[in-house]
Structures are given as structure tokens and as C-alpha cells.
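The block underneath contains the structure these notes are about, expressed in C-alpha cells.
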Amino acid sequence: MSIDTWRKLLRDGFRRFIDIGHKFGGKIAHYTCGSICSMILDFIECGLDILNPLQPEVLNRGYQKVNAEIEAIFRAYKELAWYSR
């Protein structure tokens, strides 16, 4: 799914889901599949607290490159915790 499609169809609902969890005092975690590097900043803007972002086998790019990209994002934006197995 493209970032534009995600923004048009899903972002507002995703933000409302996170807001509900925060109203109850929760930290919101989200697991993703596929290439979501372009969506991480939107996840932060929506208020997401914890992200499990890695599924490099579907990217045809390799774990090391994807891991480096995501680590750079997480170093720059301390608002989001990264969970990975």
C-alpha cells in the first residue's frame, strides 16, 4: 500500500484508535508487515508508542539495510519505542 493510500483511507482511524487507548492510560503497540519505513513518521504523528517494524524477508532488500534505516529513524525520533524479536 502506498503512503498516500494509507493516509487517505486509514490514518484518521489509526489516530482515533490510539487516542482511545491513551484516554484509558495505555501505551499503544503496533505490529507491521512489509515495508513501512515511509509510514513511521505518520505513526509518530498519530501518537503511536511502540512499533514492531521489521519483516525484511518481504522487502527483497535484506535485514541489515532495513534495520539501519529503521534504527536511524528511531534515533531521530525518541517518542517511539522499537520492539523487535
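The values are calculated or read from the model by the stated rules, or taken from the named source; none is laboratory data. Keep in mind the model is a prediction, meaning the values are calculated, not measured. Methodologically, a virtual Cβ is constructed for each residue, glycine included, from the backbone with ideal geometry; neighbour enumeration extends over all protein chains shown.
Key figures
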| item | result |
| --- | --- |
| Subset of the stretch 20-56 [of a type in the set (D, E, K, R) and surrounded by fewer than 13 Cβ atoms within 10 Å (Cβ to Cβ)] | LYS23, LYS27, GLU45 |
| Residues (polar (S, T, N, Q) and modelled with pLDDT under 75) located in the stretch 29-56 | SER35, GLN55 |
